[in-house]
1. Go through (1) open to solvent by 10 Å² or more (accessible area, probe 1.4 Å); (2) more than 18 Å from residue 229 (Cβ to Cβ); (3) part of a helix (DSSP H, G or I) one by one and return the number of the condition residue 378 breaks.
2. In the stretch 396-409, what residues are open to solvent by 10 Å² or more (accessible area, probe 1.4 Å) and under 17 Å from residue 235 (Cα atoms)?
3. For the stretch 370-403, how many residues are among the small types (Gly, Ala, Ser) and out of contact with any helix residue (DSSP H, G or I) (no Cβ under 8 Å at 6 or more places or on another chain)?
4. Are there any pairs with C-beta distances below 9 angstrom linking a residue in the stretch 181-203 that is in contact (Cβ under 8 Å) with a residue 60 or more places away in the chain to a residue that is open to solvent by 20 Å² or more (accessible area, probe 1.4 Å) and of a type in the set (S, T, N, Q), with the two at least 6 apart or on different chains, and if so which?
5. Is it the case that residue 90 is of a type in the set (S, T, N, Q) and modelled with pLDDT of 95 or more?
6. Could you grab the pairs with beta carbons closer than 6 Å, sequence gap of 6+ or different chains, first residue in the stretch 338-359 and on the phi < 0 side of the Ramachandran plot and of a type in the set (Gly, Ala, Ser), second one modelled with pLDDT of 95 or more and open to solvent by 10 Å² or more (accessible area, probe 1.4 Å)?
7. For residues that are free of Cβ contacts under 8 Å to residues at least 60 places away in the same chain and among the hydrophobic types (A, V, I, L, M, F, W, C), tally how many sit in the stretch 285-335.
8. Restricting attention to the stretch 184-208, which residues are β-branched (Val, Ile, Thr) and either in contact with a Leu (Cβ under 8 Å, 6 or more places away or on another chain) or more than 19 Å from residue 247 (Cα to Cα) (or both)?
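The values are calculated or read from the model by the stated rules, or taken from the named source; none is laboratory data. None of these values were measured; they are calculated from a predicted model. Heads up, the Cβs are rebuilt from the backbone with ideal geometry, glycines too, and the neighbour counts pull from every protein chain shown. Ligands, DNA and RNA are stripped out before the accessible areas are found, and what is left, the full protein with its side chains, is counted by its heavy atoms. Shrake-Rupley method; radii C 1.70, N 1.55, O 1.52, S 1.80 Å.
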Amino acid sequence: MRSALAVAVAMALCVAGCSGSGTAITPPSASGSSALSQSVPAHASKISHIVLIVQENRSFDNLFATFPGADGATSGKTHDGKIVPLAKHTLASLDISHDSRTYTTDYDGGKMDGFDLSLFIHSTKKVGLYPYQYVDPSQIQPYWTIAQQYALLDHMFQTQGSGSFTAHQDLIAGATAINSTESIIDTPSNSPWGCDAPSGTRTSVITTKGAILRGKGPFPCWNYPHGTLRDVLDAKGISWRYYVPPLKANTPGGDWNAFDAIDAVRHGAEWTSNISIPETNIFNDITNHKLAAVSWVIPDQLNSDHPADNHRPFTGPAWVTSVINAIGESSYWDSTAIIVVWDDWGGFYDHEPPAFFDDAGGLGFRVPALVVSPYVHPGTISHTQFEFGSILKFIENTFGLASMGTSDARAKSIGVIFHYLQKPLPFTPIPSNRSREYFLHQAASYLPVDTE
């Protein structure tokens, strides 16, 4: 049963509707203020820990189509002009292609009507109406509870119209430009996706003229000219840690270990000091008061929301909840911002066209994003246009870091939804059918969470 606060918030949002106007709907705070944000200098931020939890392959409409007050849709357009209802579906689903070709097909020049022409992953079979679905809210109740108690961002766009490899790079670097004319797109030709890839592995690039050169990019082990967030954090002596599952027993690389593609990290001391394997180490670090200032948390395949058949337990919502509850019930709560974001749209329908195009294959499609902190108004729904660079900019602003000059430079920081002058919200545990003990004792799958 939802709390009285959650019910009140939901009712208020239903009345407010979903304007998509670039503003945020917020219920009044305890002090009576309804302003979106309060003017607080960056140095006055109450946040000293930021935890970014990354999930997989869901569009905004796929998870929050019917969330009251959010900019969701329950019907979609097909390539022949038909309007079809989105079918209610389980979290278990088939895997749809979600590379740059699929992005172009789905986008269809801004008409957002090509989703039925896409293919199932690694297949020549067209998906038809399969992408036109949304997940039954009862299967993802923890996500809805988080949105009701904290904040939902309904205009968060992935940086590129591409898949998981570049998405995870964008979440540490803001862009994948390897020189002045080329950016990495899609996935490397072999796994693992990084310096541990087999010899001869190649990447693909998109040029500043929009041409995609398949297999013409470098071996996936480089240092970006613009650096990564690691560089600006290190320059200020700010601690960071990247929690990631192992890809195979006793091997260091991984498809989802973004820093495996960063030569300076993979072949430096930080590979052992800052890359934390397995991902469940975050629970121990919270308990032992060793949480870094900035953390990325990547799930095992079993605990991701990546589409798969019905044989998986689909514990993604419980995994996310267990991390949030661990922080909320610790001494870190009053100083922490938790951001939950899905790395790409996974091929699922979304009705909102990307806001613009740039010369690096973006913006991509909308993905869900949640913000959990004692300094947001409960039940906030922000319609402000954000992108992955908005998360990086928030980190930079919070810790007084230099800008990398990538998407972080152009993006609006998600910091606009924070209210540092309000009394910190007390933490209320998110109900879940799995506890942290379940994940601490769960055997690693040693499987890549995504292959596109």
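1. The one condition residue 378 does not meet is (3).
2. Matches in the stretch 396-409: 397, 398, 399, 400, 401, 402, 403, 404, 405.
3. Residues that pass the stated criteria total 1.
4. 183/207; 183/208; 187/451; 191/451; 192/251; 193/187; 196/251
5. no
6. Qualifying pairs under 6 Å: 355/385.
7. Within the stretch 285-335, residues that are free of Cβ contacts under 8 Å to residues at least 60 places away in the same chain and among the hydrophobic types (A, V, I, L, M, F, W, C) number 1.
8. Within the stretch 184-208, 184, 185, 203, 205, 206, 207, 208 qualify.
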